[in-house]
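Trainee: Below is a structure I'd like to ask you about.
The values are calculated or read from the model by the stated rules, or taken from the named source; none is laboratory data. Bear in mind the structure is a predicted one, so any value in this text is a computation, not a measurement. Don't worry about glycine lacking a Cβ; one is built from the backbone with ideal geometry, like all the others, and counts go over all protein chains shown. Ligands, DNA and RNA are stripped out before the accessible areas are found, and what is left, the full protein with its side chains, is counted by its heavy atoms. Shrake-Rupley method; radii C 1.70, N 1.55, O 1.52, S 1.80 Å.
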Number of protein chains: 2
Amino acid sequence: MSTVANKKLRGEGLRQRVLETALGLFSTRGYFNTSIHDIRREADVSIGSIYHHFGNKEALAKALYDDLLERMDAGLREVMEREQDCRARCDGIIAFLFQAATEEPRTMRFVLESRHREFLPDEPPVCSSQPFMRMRECIEQGIASGEVRPIEIPVAATAAFGGAIRLVHLHLDGVLEQPLLRYLTSMQDTAWRAVATDSSNPTSNTIKETEE
Amino acid sequence: MSTVANKKLRGEGLRQRVLETALGLFSTRGYFNTSIHDIRREADVSIGSIYHHFGNKEALAKALYDDLLERMDAGLREVMEREQDCRARCDGIIAFLFQAATEEPRTMRFVLESRHREFLPDEPPVCSSQPFMRMRECIEQGIASGEVRPIEIPVAATAAFGGAIRLVHLHLDGVLEQPLLRYLTSMQDTAWRAVATDSSNPTSNTIKETEE
DNA sequence: TAAAGTAGAATGAACGTTCGTTCTGGTTTT
DNA sequence: AAAACCAGAACGAACGTTCATTCTACTTTA
């Protein structure tokens, strides 16, 4: 049974259907366990169409990868624009990650879990991609403004978001008892404790009533 | 050029050579980009020998995976035995991860980075494997003893070790400026701040004299 | 002690299948 | 009419695997 409507499509619509189908197959079976013929069958298009639009399998994966990274980055840009101080931004980023992992697990699986370098050898590692650079940047500014302790950037960035990212992995692997979003505020608080300066860190109570 | 000596081997020696070669190829090119013929060539053994010892490609990967997980687990068991309080154990675990990633990057890459479920479909996710369960257990005991704040176990465990694990990923991806071990004490301190109870958390000084 | 026998480890050519890709011929759009 | 798009049969290289055979080390027989 196909996950997409079976009305015959052409042009951009067809292209999108192929991308959608490829995302589904790549994220569940993996790139190497998915053949072009599999995609053809499930998307209900022809081999010729796929090669007309994408050229080859690797380019199809790259198009999908770029598309998803751009969408993720758009989400993060939105957070960075909406929130101004570092704490609010970190919270927003984690919330965005959790929400995306909940609503679009396939996207998250493909971006976060698959080893892109195995099938896109010329692509830089994910951690150098825009979304991840944005997280790093957020932390850098936090250090500059004094909200974050002055420690090495890579340590601060991984400490701030590494826990959340690992929790997303556990969620995608299906080993969490509770829905991911149930852990959100707890994770935000815990992550912030790791990197916050002592003055901006709660010392004996975890309840924060006021915005700063 | 082969990375192993080229004296003809038989029995267990041959088996080990195949495993060693497979680790090298799997961890750099990935499972699907490595053919049995590649392993045969680099290990300087025959196709038949490989099938005699392992049965098929998947079983070879599984044998390697089990072997490496067991070795990692042995390292963690040793830490848990040597250290008694939760803080020292967390520090020890992170130190072990960093050291292993530095000295045996291929092992770490294969255990941490490759998507096992793509080629070992019946294997549970890495996060359910012994080494990861041991980390979780350590945190559970920390909560019981009052050293760790009473928060959800998955949040505490990922917060305690997620940052370190992500930093290991950055190291393996070659995007860190400094050697991984240069970040060790900073990462240990930062990770502990995330999960420690307020009483056991440093509030205004970051300097802690520890032996290295 | 030498010869014959035996188990199983090692070998590599060959096989069937799958895969990514190409190609030719048709259809739709402009 | 030209250009863009779609269809799917056909192709050839590469892959995991098999299997008949050879080789090696050890045991038994004479």
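Trainee: How many of the residues making up region B:28-57 are away from DNA strand D (no atom under 12 Å from the Cβ) and either open to solvent by 20 Å² or more (accessible area, probe 1.4 Å) or basic (Lys, Arg) (or both)?
Mentor: 3
Trainee: Among the numbered conditions (1) under 26 Å from B:MET187 (Cα atoms); (2) loosely packed, with under 15 Cβ neighbours inside 10 Å; (3) small (Gly, Ala, Ser), tell me where B:ALA101 comes up short.
Mentor: Of (1) under 26 Å from B:MET187 (Cα atoms); (2) loosely packed, with under 15 Cβ neighbours inside 10 Å; (3) small (Gly, Ala, Ser), only one is false for B:ALA101: (2).
Conditions (1) within 16 Å of DNA strand C (Cβ to nearest atom); (2) assigned by TED's automatic domain parsing to the domain that holds B:GLY163; (3) under 22 Å from the mean Cα position of the chain (by Cα), marked per residue:
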{"position": "B:ASP44", "(1), (2), (3)": "yes, no, no"}
{"position": "B:GLY48", "(1), (2), (3)": "yes, no, no"}
{"position": "B:TYR51", "(1), (2), (3)": "yes, no, no"}
{"position": "B:LEU60", "(1), (2), (3)": "yes, no, yes"}
{"position": "B:ASP73", "(1), (2), (3)": "no, yes, yes"}
{"position": "B:LEU76", "(1), (2), (3)": "no, yes, yes"}
{"position": "B:ARG82", "(1), (2), (3)": "no, yes, yes"}
{"position": "B:ARG89", "(1), (2), (3)": "no, yes, yes"}
{"position": "B:ILE94", "(1), (2), (3)": "no, yes, yes"}
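Trainee: Criterion first (in a helix (DSSP H, G or I) and either away from DNA strand C (no atom under 13 Å from the Cβ) or closer than 26 Å to A:ARG134 by Cβ (or both)) does A:TYR65 satisfy it?
Mentor: Against the criterion (in a helix (DSSP H, G or I) and either away from DNA strand C (no atom under 13 Å from the Cβ) or closer than 26 Å to A:ARG134 by Cβ (or both)), A:TYR65 qualifies.
Trainee: Is there a residue in region B:164-184 that is assigned by TED's automatic domain parsing to the domain that holds B:ARG109, over 15 Å from B:THR102 (Cα atoms) and part of a helix (DSSP H, G or I)?
Mentor: No, region B:164-184 has no match at all.
Trainee: Please go through region A:190-199 and pick out each residue that is open to solvent by less than 30 Å² (accessible area, probe 1.4 Å), out of contact with any strand residue (DSSP E or B) (no Cβ under 8 Å at 6 or more places or on another chain) and more than 7 Å from chain B (Cβ to nearest Cβ).
Mentor: Matches in region A:190-199: A:TRP192 only.
Trainee: Can you find a residue that is within 11 Å of DNA strand C (Cβ to nearest atom), of a type in the set (Val, Ile, Thr) and more than 30 Å from A:TYR183 (Cα to Cα) anywhere in region A:16-27?
Mentor: Scanning region A:16-27 turns up no residue that is within 11 Å of DNA strand C (Cβ to nearest atom), of a type in the set (Val, Ile, Thr) and more than 30 Å from A:TYR183 (Cα to Cα).
Trainee: Would you mind finding the one in A:LEU14, A:LEU25, A:LEU60, A:LEU68 that is away from DNA strand D (no atom under 15 Å from the Cβ), away from chain B (no Cβ under 14 Å) and open to solvent by less than 70 Å² (accessible area, probe 1.4 Å)?
Mentor: None of the other options fit; the residue is A:LEU68.
Trainee: Can I ask one more? Looking at region B:161-188, which of its residues are more than 8 Å from every other protein chain (Cβ to nearest Cβ) and either open to solvent by less than 30 Å² (accessible area, probe 1.4 Å) or in contact with a Gly (Cβ under 7 Å, 6 or more places away or on another chain) (or both)?
Mentor: Within region B:161-188, B:VAL168, B:LEU172, B:LEU180, B:LEU184, B:GLN188 qualify.
Residue-wise test of (1) farther than 21 Å from A:GLY30 by Cβ; (2) at pLDDT below 95.
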| site | (1), (2) |
| --- | --- |
| B:GLY11 | yes, yes |
| B:ARG41 | yes, yes |
| B:GLY55 | yes, yes |
| B:LEU69 | no, no |
| B:ARG82 | yes, no |
| B:CYS86 | yes, no |
| B:ARG89 | yes, no |
| B:ALA95 | yes, no |
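Trainee: List pairs: first residue in region B:158-185 and basic (Lys, Arg), second residue part of a helix (DSSP H, G or I) and buried (at least 16 other Cβ atoms within 10 Å of the Cβ) anywhere in the structure, Cβ distance under 7 angstrom, at least six positions apart or on different chains.
Mentor: Pairs found: B:ARG166/A:THR158; B:ARG166/A:GLY162; B:ARG166/A:ILE165.
The rows are residues; the columns are (1) among the polar types (S, T, N, Q); (2) touching a helix residue (DSSP H, G or I) at 6+ places or on another chain (Cβ under 6 Å).
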site: A:ALA74; (1), (2): no, no
site: A:VAL79; (1), (2): no, yes
site: A:GLN99; (1), (2): yes, no
site: A:HIS116; (1), (2): no, no
site: A:ASP122; (1), (2): no, no
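Trainee: Collect the residues in region B:136-157 that are in contact (Cβ under 8 Å) with a residue 24 or more places away in the chain and either open to solvent by 10 Å² or more (accessible area, probe 1.4 Å) or over 19 Å from A:MET187 (Cα atoms) (or both), keeping them in residue-number order.
Mentor: B:GLN141, B:SER145, B:GLY146, B:GLU147, B:ARG149, B:ILE151
Trainee: How many residues are assigned to a helix (DSSP H, G or I), touching a residue at least 12 places away in the same chain (Cβ under 8 Å) and closer than 30 Å to B:MET135 by Cβ if we restrict to region B:19-53?
Mentor: 9
Trainee: Does A:PHE161 satisfy the criteria of being aromatic (Phe, Trp, Tyr), touching a Cys at 6+ places or on another chain (Cβ under 9 Å) and in a helix (DSSP H, G or I)?
Mentor: Yes: the conditions hold for A:PHE161.
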